[in-house]
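Shown next, in C-alpha cells, is the structure this report addresses.
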Amino acid sequence: MLLEARRGSWWDAYHIGLSPPLIETPEGWLMIYHGVRDTAAGRIYRCGLALLDLQHLERCVLRGEEWVFGPQEPYELFGDVGYVVFPCGYTVGADGDSLNLYYGAADTCVALATASIREMLEWLREYGRPYTCEIVIGMRP
C-alpha cells in the first residue's frame, strides 16, 4: 500500500484511488489521484497530488494536504453522480510541461483540464508533507 484514505475530515478521508499513470519527473513520480469525502449532502470526488521516490516507487516523498482540483462547473456538479471529477488519463505537450488531463465529470461526460507539471511540483513542495503509510496487521489471540 502506497497511500491510504486519511481518517477524519480530510478531503480524501472516505476513499482514494489512482487514476492515470504516474508522470516521471526529475524530482520523482508525480501521482494524480482522486479522493472522496463523505458528507451529509453526499460524496464529493476531488483530485490531489503525491510524489513518489524516483528509484523506490514504494516510498511516498510528499503528499498534498489539500485537493488541487474539484467540481465547480455545472457539468461536474450535476449528472448521474454529482460533485465528481475523476482523473482518467493525460497527454504531455512537446514542451514536457504542459499537461492535458482528461477527467470524468459527474459520471456523465469526459472533460479536459490543463495544467503545468512544473507548477504542480512547486505546489507539492509548498503544500505537501512527507507521508509514510503505516500498515498495522492485527494478530489473532
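Results, tabulated for the structure shown:
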{"item": "Residue match in region 39-55 (condition: touching a Cys at 6+ places or on another chain (Cβ under 6 Å) and among the small types (Gly, Ala, Ser))", "result": "yes"}
{"item": "Any chance GLY70 is over 20 Å from GLY28 (Cβ atoms), touching a Cys at 6+ places or on another chain (Cβ under 9 Å) and modelled with pLDDT of 95 or more", "result": "yes"}
{"item": "Selection count, region 114-127, where residues are part of a helix (DSSP H, G or I) and touching a residue at least 12 places away in the same chain (Cβ under 8 Å)", "result": "8"}
{"item": "Strands (runs of 3 or more DSSP E) wholly inside region 34-113 that include at least 3 residues being of a type in the set (Gly, Ala, Ser)", "result": "42-52, 98-105"}
{"item": "Condition met for ALA5 (part of a loop (DSSP other than H, G, I, E, B), small (Gly, Ala, Ser) and in contact (Cβ under 8 Å) with a residue 24 or more places away in the chain)", "result": "yes"}
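Okay, residues lined up against (1) touching a residue at least 24 places away in the same chain (Cβ under 8 Å); (2) under 13 Å from the mean Cα position of the chain (by Cα); (3) exposed (fewer than 14 other Cβ atoms within 10 Å of the Cβ):
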| position | (1), (2), (3) |
| --- | --- |
| GLU27 | yes, no, no |
| TYR33 | yes, yes, no |
| VAL36 | yes, yes, no |
| GLN55 | no, no, yes |
| GLY64 | yes, yes, no |
| PHE69 | yes, yes, no |
| VAL85 | yes, yes, no |
| GLY96 | no, no, yes |
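The values are calculated or read from the model by the stated rules, or taken from the named source; none is laboratory data. What you see is a predicted model; the values in this text were computed from it and never measured. Here Cβ is always computed from backbone atoms with ideal geometry, including for glycine, and neighbour counts include all displayed protein chains.
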